[in-house]
Amino acid sequence: MSVRIAPSVLAADFANLEKEIKMVNESDADWFHIDIMDGVFVPNISFGMPVLKAIHKHAKKPLDVHLMIVEPDRYIEAFANLGSAVLTVHYEACDHLHRSIQKIKDCGMKAGVALNPHTPINNLKDLIHDIDLVCLMSVNPGFGGQSFIDHTFEKVKELKELIKARNANTLIEIDGGVTNHNATELIACGADVLVAGSYVFGASDPKATIKLLKEA
Ligand code: DX5
Ligand code: ZN
C-alpha cells in the first residue's frame, strides 16, 4: 500500500474552510489530520468541537484526530460522536495509556498514540500490539510550520523494528515539518502516513503538492 497523506487542517484558511475541505476531498489525500490543542498540554489553542463538527459535515475522507490535550479520556466519547475515525492521544498525557487505548477502541475508533520528540520508542514495547497507529512527532507539538527534527529518521527505523519484532500491524505516522525533501527518506525508513500542514496549504497548488507527497 502506498503512503497515506493526511493534510493538517491547522494550516488551512479558516475563513474559507469549506473550500479547503473540498480541495482535500478532490485531492489524492487519504485522511484529514485534525489538531486539537488545549493551551495546557501544548502552549497553543487551536479549535474545538464546533469546528470539528463543521469539518465533519463536508469531509469525505476519514478524520484523523490528534489530541494535544491533558486528560484526553474525558473526551474520547465526544470525539467518537463527532465522527473521528482515528483518535490519537499523547503518551505524555496519559497515566493509564492501556485504558485510554481500550476506551478509544470500545468507542469504535482506531487508537493512536503520539510520542513527543524526547520520548523513547522503547516506552511502547509492552503495548505496541494494542496500538493501531503511532504518531511520531517530528517537531515539538503546538504549532504548524516548524522545522523537521532529523533524529526522527532513526526513530522511524527503531519503531518499524519493534512493530516487526512483535508481529504488530501498527501504522507509523509522521507529524511536523514534512515536505518533499524528507518524505522519500521517511517512507524508506518505514513511515505509513505523512501529515503535512503548511507544506500543503501554503503551496500555490495544494493538490499538486499532495500528489507530489503521495508519489514520494
Ligand atoms: C503540530 C501539529 C501538526 C502540524 C503540522 O503540533 O500536530 O499536525 O499541524 O504542521 P506542519 O506540517 O506545518 O509542520
Ligand atoms: Zn498533528
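The values are calculated or read from the model by the stated rules, or taken from the named source; none is laboratory data. Treat the numbers as computed from the prediction; the structure is a model and nothing was measured. Quick reminder, even Gly has a Cβ in these numbers, built from the backbone with ideal geometry, and neighbours come from all protein chains shown. What goes into the accessible areas is simple: the full protein's heavy atoms, side chains included, and nothing from ligands, DNA or RNA. Shrake-Rupley method; radii C 1.70, N 1.55, O 1.52, S 1.80 Å.
Multiplying the residue separation of residue 107 and residue 56 by 0.36 nm and removing their Cα-Cα distance gives an extension gain of 16.6 nm. Our compactness index for the stretch 128-168, the C-alpha radius of gyration over the empirical 2.2 N^0.38 Å, is 1.36.
Along its principal axes, the stretch 103-216 has C-alpha extents of 43, 32, 27 angstrom, given from the largest down.
Take the Cα radius of gyration of the chain and divide it by 2.2 N^0.38 Å, N being the number of residues; the result is 0.93. Given their separation in residues at 0.36 nm each and the Cα-Cα distance between them, residue 85 and residue 147 gain 19.5 nm when the chain is fully extended.
Its Cα gyration tensor gives the stretch 38-84 an equivalent ellipsoid, and the semi-axes of that ellipsoid, as √(5λ) in whole Å with the largest first, are 20, 12, 9.
Helix-only arithmetic for the chain: the sum of -39500 (n - 2.57) across DSSP H runs with n ≥ 4, divided by the residue total, places the mean residue ellipticity at 222 nm at -9000 deg cm²/dmol. A straight line joining the Cα centroids of the stretch 164-200 and the stretch 32-98 runs 20 Å. Amide H contacts of residue 4: 193, 194, each under 5 Å away and 5 or more positions distant or on a separate chain (H built 1.01 Å from N in the peptide plane; Pro and chain starts excluded).
The residues of the stretch 4-214 have, on average, 45 Å² of accessible surface per residue, using a 1.4 Å probe with all protein chains present. Hand me the trypsin sites (Lys or Arg not before Pro) from the stretch 124-176 located in a DSSP loop with no more than 13 other Cβ atoms within 10 Å, in residue order please. Answer by residue number: 125. DSSP beta bridges fully contained in the chain are about 5 percent antiparallel.
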